[in-house]
Every structure is written in structure tokens, then in C-alpha cells.
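In what follows, a structure is listed as C-alpha cells, so that the remarks can point back to it.
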Amino acid sequence: MIQTMSKNALMLGAFAIVTTAMIGLTHSGTEQRILVQQQKNLLRVLNEVVPENYHDNVLFEDCTVISAPELGPLPGRKIYRARLNGQDNALAIEATAPDGYSGNIHMVIGVDTGLNVLGVRVVEHKETPGLGDKIELAVSDWIHSFSGKSFDAAKQTLWQVKKDGGQFDQFTGATITPRAVVGAVRRALLFAQENSSVLFEAKNDCAPIETASKGQ
């Protein structure tokens, strides 16, 4: 009887160890897949806000990490540096609008050294579907209204929605969301104008990304 109980206990123990190991491996594999997907999304967004012909360096491996209230409430925002033929050419700036209708709106803003907007993409938000979600490119082309516009600190009043006297359309029934995005873009561009040389010269905080192909 005692031998049988001991045998069963050993079997249960072995089963628990194997099960725990399998769960650990599954969790590790899931984390790796999520990381790879996040990296792919990052590359896609960076290429959309800073076209490839604007740089010959590896954009996601050249960045500085800073905390600045102009870029939103979150610490450790990344600013990617685009360089062409050894010359500073553009920045891709992570920024957050804290005043969205449903909370934070996270975005990446591409701007060249002449303060011309190359592109803006919202990467995460919780705005109302059918109203505020028009900030997504998949839903509306409104986000393209920033592209090609030049920023001038002396004309900041233009960087508002039309309801507030600016040049950007608001959404029918949803003014808060576009107002928040336009405000965040304006603050990020002003920050870039005032700190451009420092941002390009700051130490590189971005380690090379390990892709699935590198790991094989």
C-alpha cells in the first residue's frame, strides 16, 4: 500500500514537472511571437512616417530615449534618427496625446530637418469606434492631412482643428479626439524645432533588433 502511494506520488510529481515545463515553453514561445510581431509593426510604422529614401542608416537601430512633457505623460519616449550620406535628415518621434476622449492616444510623427511633416500614424488608442477611430489610417485618410505641412512656431494657431481656428478638420460628433491628436503633433514639432541638434547628437539608446531570421 505504502509502495503504491509512493509510486503515485512520484508519478504526480513527474507529471507536475513536465506540465510546468511545457507551460513555460509555451509562454516563452508566445512572448517571442509577440515580440517579433511588435518589431514588424514598428518597422512598418517607421517606414510610413519616414520614407526609405530619407535615410541610409538602420532607422530602428538609431534612437535616443528621453522623457519630456511636450511628448506626453509617459517616460522613456524613443526618437529615431534618419541620416542620409552621414547628414542628419529626419526624426520619427514617439508622442502621446493624454487628452483623448477615452484616454491616451499614442502616435509616431515623422518630420525632416526643415520641419516638414513626413507622416503621422496613430499606433494605439481607445477612442469610440465609428467616431474617434477616424484617426486610424485603416478607417479614414484624415491622418494624411498632416503630411507635407510645414511647422512654424510663429503660426502655431494654425495647428488646431478648424473649430478652434486652425486648419485641420474635426470629426462630426467627435471633436475631442482630433483636437487631442493635432495638439500632440503640434507640441512634438515644437519640441523638435527647439531640440533638433541635441536629439541628433545624443547617444544611441537602441540596440539592434533580433529578427526571427537572425535567431535561426
Charges at C-beta only: +1 for Lys and Arg, -1 for Asp and Glu. How large is the resulting dipole of the stretch 50-201 about its Cα centre, in Debye rounded to 20? 440 debye
Tell me, what HN-Hα J-couplings in whole Hz come from the Karplus equation 6.51 cos²θ - 1.76 cosθ + 1.60 at θ = phi - 60° for each residue of the stretch 125-134, using x for Gly and Pro? 6, 10, 6, 5, x, x, 10, x, 6, 5
Of 121-131, 185-195, ordering from highest average Cβ density within 10 Å down gives 185-195, 121-131
Between their Cα atoms, which of 126/162; 78/163; 162/203; 134/203 are more than 29 Å away from each other? 78/163; 162/203; 134/203
Along the stretch 153-165, Karplus-curve 3J(HN,Hα) (6.51, -1.76, 1.60; θ = phi - 60°) to the nearest Hz, with x for Gly and Pro, reads 4, 6, 10, 5, 4, 6, 8, 9, 6, 4, 4, 9, x
Built amide H within the under 5 Å cut-off of residue 56, gap 5+: 83, 84, 85
Sorted by chain and number, the residues with a modelled amide H under 5 Å from that of residue 170, at a separation of 5 or more or across chains, are 162, 163
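What Kirkwood Rh does the stretch 50-201 have if only Cα atoms enter the pairwise 1/r average? Answer in Å. Before the final figure, lay out each step's value.
Working: mean 1/r = 0.0644 Å⁻¹.
With all distinct Cα pairs of the stretch 50-201 included, I get 15.5 Å.
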Sequence neighbours fewer than 8 away in the same chain don't count; with that in mind, list the aspartates and glutamates whose C-alpha is under 16 Å from residue 40. 31, 48, 52, 61, 124, 210
Calc'd 3J(HN,Hα), the stretch 183-198, phi into Karplus 6.51 cos²θ - 1.76 cosθ + 1.60 (θ = phi - 60°), Hz, glycine/Pro = x, comes to x, 5, 5, 4, 5, 5, 5, 5, 5, 5, 4, 7, 10, 3, 5, 5
Residues meeting the amide H criterion for residue 101 (H placed from the backbone, H to H distance under 5 Å, 5 or more places apart or on another chain) are 177
Length-normalised contact order of the stretch 87-184 in % [C-alpha pairs under 8 Å, at least 6 apart]: 25 percent
Between the stretch 82-97 and the stretch 160-207, how many Å separate their Cα centres? 15 Å
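Bear in mind that the values in this text are calculations on the coordinates, not laboratory data. Remember, it's a predicted structure, so these values are computed and weren't measured experimentally. Neighbour counts are summed over all protein chains in view; Cβ atoms, including those assigned to glycine, are modelled from backbone coordinates with ideal geometry.
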